[in-house]
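This report concerns only the one structure given below.
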Amino acid sequence: MAELELRELHLAFGGLKVLDGVSFALESGELLALIGPNGAGKTSVLNCICGIYRPTGGEVFFRGAHITGARPHAVARLGIARTFQHGELLPHLSVLDNLLVGRHTRLTTSFIGQALFLPAARAEERAQREAAERILEFVELERYRHQPVGTLGFGRQKIVGFARALALEPKVLLLDEPSAGLNREEREDLARHILRIKHELGIAMVWVEHDMQMVADLADRLYVLNYGVPLAAGVPDSVLKDPRVIEAYLGGARA
């Protein structure tokens, strides 16, 4: 059974067709890169999966369960996490506290227990902090744990967003252009984190990316969109040589 499956996904806003028949399956531990020129509909696919957009046609399945149109909090609770192009962090909170926000779906004590800070709530808070600390160590952000996120450079903020998604302990991770705005060293660090997630944690990933060198080096499989229409799919070496893909990238796509 696929971790995630999209069947003939369609999305339109009024008369504007954004997605037109997007279908793919994501297997356990697979890194699937979703690529295409600007305006191709890549982020819209992620938004349909995680419940920000409701598709106008087609279906989304998570581990065989129908989740089309589910609310974002319900999708997150199932085990689908995502990053955002611009981080969407809480800048006044520390790095550690931002990760603890990502742990909210793992809370099991009642609201009253938390409000009164009963022994069970205290024990759970310790456990959640320990889990967040492990993630900080995984992405090598331990030294910044108590620093407000807003005081960090853009590159480190992107990694914090990456870590917050991991804090949910997802089965599927949606990455929306995580390398955008990063310098070469930061991109190398990101590539290392992605490979560790794949090989050490075994999390399946859908990765929206414009850096074709990273895609060629890291992805197991590519799925190409052009103005919302599926264009090609397969292993990186063959897809990146496809004349249709080359034309889509070099033929003057819309911004």
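The values are calculated or read from the model by the stated rules, or taken from the named source; none is laboratory data. Model, not experiment: these values are computed from the prediction. Reconstructed Cβ throughout: ideal geometry from the backbone, glycine too, with neighbour counts over all protein chains shown.
Taken together, the criteria exclude residue 215 from residues that are of a type in the set (Val, Ile, Thr) and either over 23 Å from residue 171 (Cβ atoms) or not in a helix (DSSP H, G or I) (or both). If I filter region 6-16 down to residues being surrounded by fewer than 18 Cβ atoms within 10 Å (Cβ to Cβ) and at pLDDT 95 or above, which single residue comes out as farthest from residue 221 (Cα to Cα)? Going through the qualifying residues, I end up with 12.
Can you find even one residue in region 152-171 that is among the aliphatic types (A, V, I, L, M), modelled with pLDDT of 95 or more and not in a loop (DSSP other than H, G, I, E, B)?
No, region 152-171 has no match at all.
Applying the set (1) at pLDDT below 90; (2) exposed (fewer than 15 other Cβ atoms within 10 Å of the Cβ); (3) not aromatic (Phe, Trp, Tyr) to residue 137 leaves exactly one unmet item: (1).
Among the residues of region 194-212, what is the count of those that are part of a helix (DSSP H, G or I) and within 14 Å of residue 174 (Cα to Cα)? Give the steps one after another, and end with the answer.
Start the filter on region 194-212 by keeping residues that are part of a helix (DSSP H, G or I), which leaves 194-201, 212.
Restricting the remaining residues to those that are within 14 Å of residue 174 (Cα to Cα) gives 194, 197-198.
Counting residues in region 194-212 that are part of a helix (DSSP H, G or I) and within 14 Å of residue 174 (Cα to Cα) gives 3.
When the strands (runs of 3 or more DSSP E) confined to region 1-83 are screened for residues that are under 20 Å from residue 224 (Cα atoms) and of a type in the set (Asp, Glu), those reaching at least 2 such residues are found at 4-13. Among the residues of region 167-177, are any more than 13 Å from residue 31 (Cβ to Cβ) and of a type in the set (Gly, Ala, Ser)? Looking through region 167-177, at least one residue is more than 13 Å from residue 31 (Cβ to Cβ) and of a type in the set (Gly, Ala, Ser). Would you confirm, using the coordinates I've provided, whether residue 181 is under 30 Å from residue 60 (Cβ atoms), of a type outside the set (D, E, K, R) and not in a helix (DSSP H, G or I)? For residue 181, the condition - under 30 Å from residue 60 (Cβ atoms), of a type outside the set (D, E, K, R) and not in a helix (DSSP H, G or I) - is met. Across region 37-49, a minimum of one residue is classified as in contact with a helix residue (DSSP H, G or I) (Cβ under 6 Å, 6 or more places away or on another chain) and within 22 Å of residue 234 (Cα to Cα).
Take region 140-159 and flag every residue that is hydrophobic (A, V, I, L, M, F, W, C) and buried (at least 21 other Cβ atoms within 10 Å of the Cβ). Matches in region 140-159: 149, 159.
Go through region 29-68 and give me each residue that's loosely packed, with under 14 Cβ neighbours inside 10 Å, in contact (Cβ under 8 Å) with a residue 12 or more places away in the chain and either farther than 22 Å from residue 85 by Cα or of a type in the set (A, V, I, L, M) (or both). Hits for region 29-68 are 64, 65.
Quick test for you: out of 245, 239, 208, pick the one residue that is more than 14 Å from residue 40 (Cα to Cα), surrounded by 15 or more Cβ atoms within 10 Å (Cβ to Cβ), of a type outside the set (S, T, N, Q) and touching a strand residue (DSSP E or B) at 6+ places or on another chain (Cβ under 7 Å). Answer to the check: 239. Does residue 179 count as over 27 Å from residue 16 (Cα atoms) and surrounded by 13 or more Cβ atoms within 10 Å (Cβ to Cβ)? So residue 179 passes the test. Annotation note: of 225, 190, the sole residue that is assigned to a strand (DSSP E or B) and surrounded by 19 or more Cβ atoms within 10 Å (Cβ to Cβ) is 225.
When residue 27 is tested against the conditions (1) charged (D, E, K, R); (2) in contact with a Leu (Cβ under 8 Å, 6 or more places away or on another chain); (3) under 30 Å from residue 242 (Cβ atoms), the lone failure is (2). Of everything listed in (1) farther than 15 Å from residue 10 by Cβ; (2) touching a strand residue (DSSP E or B) at 6+ places or on another chain (Cβ under 7 Å); (3) surrounded by fewer than 21 Cβ atoms within 10 Å (Cβ to Cβ), the single unmet condition for residue 82 is (3).
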